[in-house]
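Novice: Sharing a structure with you now.
Derivation of every value follows stated rules applied to the coordinates shown; laboratory data play no part. As the structure is a prediction and not an experimental result, all values here were calculated from the model. In this analysis, Cβ positions are derived from the backbone assuming ideal geometry, glycine residues included, and neighbour counts consider all displayed protein chains.
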Amino acid sequence: MKITFIGGGNMAIAMIGGMIRQGFTAAQIHVVEPDALKREQLSADFGVSCSDPETALPQSEAILFAVKPQQLQAVAKSLRQQINGALVISIAAGIRVETLSQWLDAYPRIVRVMPNTPALVQEGMSGAYATSEVNAADRELTGRMLAAIGEMVWVEKESDIDGITAISGSGPAYVFYFMEALQAAARAQGFGPEIARKLAYQTFAGAVKLALQSEDDAATLRQKVTSKGGTTERAINALETSQVRTTIIAAASAAAARSRELGEESTRSLEV
Ligand SMILES: NC(=O)C1=CN([C@@H]2O[C@H](COP(=O)(O)OP(=O)(O)OC[C@H]3O[C@@H](n4cnc5c(N)ncnc54)[C@H](O)[C@@H]3O)[C@@H](O)[C@H]2O)C=CC1
Ligand SMILES: O=C(O)[C@@H]1CCC=N1
């Protein structure tokens, strides 16, 4: 079995790294990437074969598009003669199956996936959508690949992928943002960078591990930290006063809206 990645950037690296750690062999993965330095790095890190976009694609069971949404139309059109019956998987934010299908001359076997970068350490969260034209074997291949890099869910409605993009696709960035803020808070308390990092990172790791292993939901776990009249209560009150919870919900909503907008922008090219 061979999977060819079109684009060897951040998300492809995370997926390939996770797949290799989970038992996919380097011989099963090929990457098409125009940047020679990235090609060298991918071969050195994971042993996978790489080629530039001018070279013909190897025969593959699956072709996974991992280029920017704005690049996908040109890249897909340039490769449409070389799909050769492979399952096409796209991870491009916003781009709808129907749009990509048209760029590939009405190609039917397409799965739209939204992964995230913790795939690199096999802790990814992916959502996948397939039309009824995608058969059980293609779903099985997609599921096997995504299960190798973390958890995955299938969604029935393609529009749910915009929501998944807003929560788990972009979500690691929200978490890193909070980690940056907690480190900055530690620095503000007078700790040096190393201790500030350790305090923030281990607090996240510990809280997440506890939440995953606990019967309690997150709100209950939070209440267990929060003593009446104590320190946490003061901090949570400050977060609520600043509407941090509402802001996080609004931020995710903005991300989902951007995903839908990327979809709309790409369909305009079909109208001309
Ligand atoms: N970074 C993330 O956390 C996530 C990204 N995505 C999606 O993954 C896709 C890639 O995103 P990133 O990896 O972050 O971007 P990136 O910019 O790191 O990677 C894109 C790669 O495509 C390459 N490329 C450009 N033209 C090409 C061509 N003609 N043929 C082959 N490769 C070409 C670029 O050199 C670059 O290495 C996007 O569509 C994005 O929406 C989806 C989920 C999460
Ligand atoms: O920011 C983006 O558009 C991509 C999609 C989800 C994460 N990164």
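Novice: Under the Karplus relation 6.51 cos²θ - 1.76 cosθ + 1.60, θ = phi - 60°, what is the ordered set of whole-Hz ³J(HN,Hα) values for region 138-150, x standing for Gly and Pro?
Specialist: 5, 5, 5, 4, 4, x, 5, 5, 6, 5, 5, 10, x
Novice: Looking only at the chain, where both bridge partners belong to it, what percent of the DSSP beta bridges are antiparallel (to the nearest 5)?
Specialist: If I count the DSSP bridges inside the chain, around 15 percent turn out antiparallel.
Novice: In what sequence, highest mean first, do 202-211, 109-118, 149-158 appear when ranked by Cβ atoms within 10 angstrom?
Specialist: 109-118, 149-158, 202-211
Novice: Taking H as built 1.01 Å from N, whose amide H comes closer than 5 Å to the amide H of ILE29, not counting residues under 5 places away?
Specialist: ILE3, SER49
Novice: For a quick check: sort ILE164, ILE63, ILE249 by the number of other beta carbons within 10 angstrom, fewest at the front.
Specialist: Neighbour counts put them in this order, fewest first: ILE249, ILE164, ILE63.
Novice: Report, by chain and number, residues whose modeled amide H sits under 5 Å from the one on MET152, excluding near sequence neighbours (fewer than 5 apart, same chain).
Specialist: Sorted by chain and number, the residues that satisfy this are SER126.
Novice: Then there is this: When the helix-only estimate is applied to the chain (DSSP H runs of n ≥ 4, each -39,500 (n - 2.57), divided by the residue count), what is the mean residue ellipticity at 222 nm, nearest 500 deg cm²/dmol?
Specialist: That comes out to -17000 deg cm²/dmol.
Novice: Positive end of the dipole of region 3-157, charges at C-beta (+1 Lys, Arg; -1 Asp, Glu), about the Cα centre: which of ASN135, PHE24, PRO58 has its Cα farthest in that direction?
Specialist: ASN135
Novice: If a/c stays under 1.5 just call it rounded; otherwise compare a/b with b/c (prolate if a/b is bigger, oblate if not). Do that for region 171-251, with a ≥ b ≥ c from the square roots of the Cα gyration tensor eigenvalues.
Specialist: Taking the square roots of the gyration eigenvalues as a ≥ b ≥ c, region 171-251 is rounded.
Novice: Still on this structure: Exposure proxy check: GLU233, GLU33 ranked by fewest other beta carbons within 10 Å?
Specialist: GLU233, GLU33
Novice: Same structure, new question: For LYS38, give me every one of the lysines with a C-alpha distance below 25 angstrom, ignoring sequence neighbours fewer than eight places off in its own chain.
Specialist: The reachable lysines, counting only those whose Cα sits under 25 Å from LYS38, are LYS2, LYS68, LYS77.
Novice: From the C-alpha coordinates alone, can you work out the Kirkwood hydrodynamic radius of region 3-157, in Å?
Specialist: Averaging 1/r across every pair of different Cα atoms and inverting gives 15.3 Å.
Novice: Can I ask one more? In a Gaussian network model over the chain where Cα atoms closer than 10 Å are linked, find which of GLU54, GLU133, GLU240 has the largest mean-square fluctuation.
Specialist: GLU240
Novice: Can I ask one more? Please list 3J(HN,Hα) in residue order for region 54-63, calculated via the Karplus relation 6.51 cos²θ - 1.76 cosθ + 1.60 where θ = phi - 60°; whole Hz, with x for glycine and proline.
Specialist: For region 54-63, the Karplus curve yields 7, 7, 5, 5, x, 4, 9, 6, 9, 10 Hz.
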